Amino acid sequence: MESQEETIIRQNYDGNIINNCEIKSSSEIYLIKQKISENYNEITKCRKTIKKSQNDIETLKDTLYELCQHTFIRDFSAAPDDIYKYYCKKCHLYRH
Ligand SMILES: [Zn+2]
């Protein structure tokens, strides 16, 4: 008599003979691949959320820059070749 692990022999969808261990392994592989796919989908969703937030921030900064009565002060941490050397002490945006 066969052990429980060896028992049922089946054919998978490709016509290959597989035993119970392979069936179990095959379903584990399927589940892991599914989880990988779900995680990739989650990453894509998060990237879209990040991109939307970045666009929202840029729009808000543009609005803030137009609205503020700026008082620009020198940024002493700026390197000599930095294009932004002054920032507003009210809104904290750089002069451009
Ligand atoms: Zn300002």
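Looking only at residues of the range 34-66 that are over 30 Å from residue 89 (Cβ atoms) and polar (S, T, N, Q), we find that the one that is nearest to the chain's Cα centre (by Cα) is 44.
Taking the criterion of being modelled with pLDDT of 95 or more and charged (D, E, K, R), the residues of the range 22-39 that qualify are 33, 35, 38.
Evaluation of residue 42 against the conditions (1) more than 11 Å from the ligand (Cβ to nearest atom); (2) in contact with a His (Cβ under 6 Å, 6 or more places away or on another chain) shows that the sole unmet condition is (2). What number of residues within the range 84-96 satisfy the criterion of being surrounded by 12 or more Cβ atoms within 10 Å (Cβ to Cβ) and not aliphatic (A, V, I, L, M)? Number satisfying all stated conditions: 8. Every condition in (1) exposed (fewer than 10 other Cβ atoms within 10 Å of the Cβ); (2) assigned to a helix (DSSP H, G or I); (3) more than 16 Å from the ligand (Cβ to nearest atom) is met by residue 81 except one, and the failing one is (2). Number of residues in the range 59-78 that are within 16 Å of the ligand (Cβ to nearest atom) and in a helix (DSSP H, G or I): the value is 8.
The values are calculated or read from the model by the stated rules, or taken from the named source; none is laboratory data. Please read these numbers as outputs of a predicted model, since none were measured by experiment. Every residue, glycine as well, gets a Cβ built from its backbone with ideal geometry; the counts of neighbours run over all protein chains shown.
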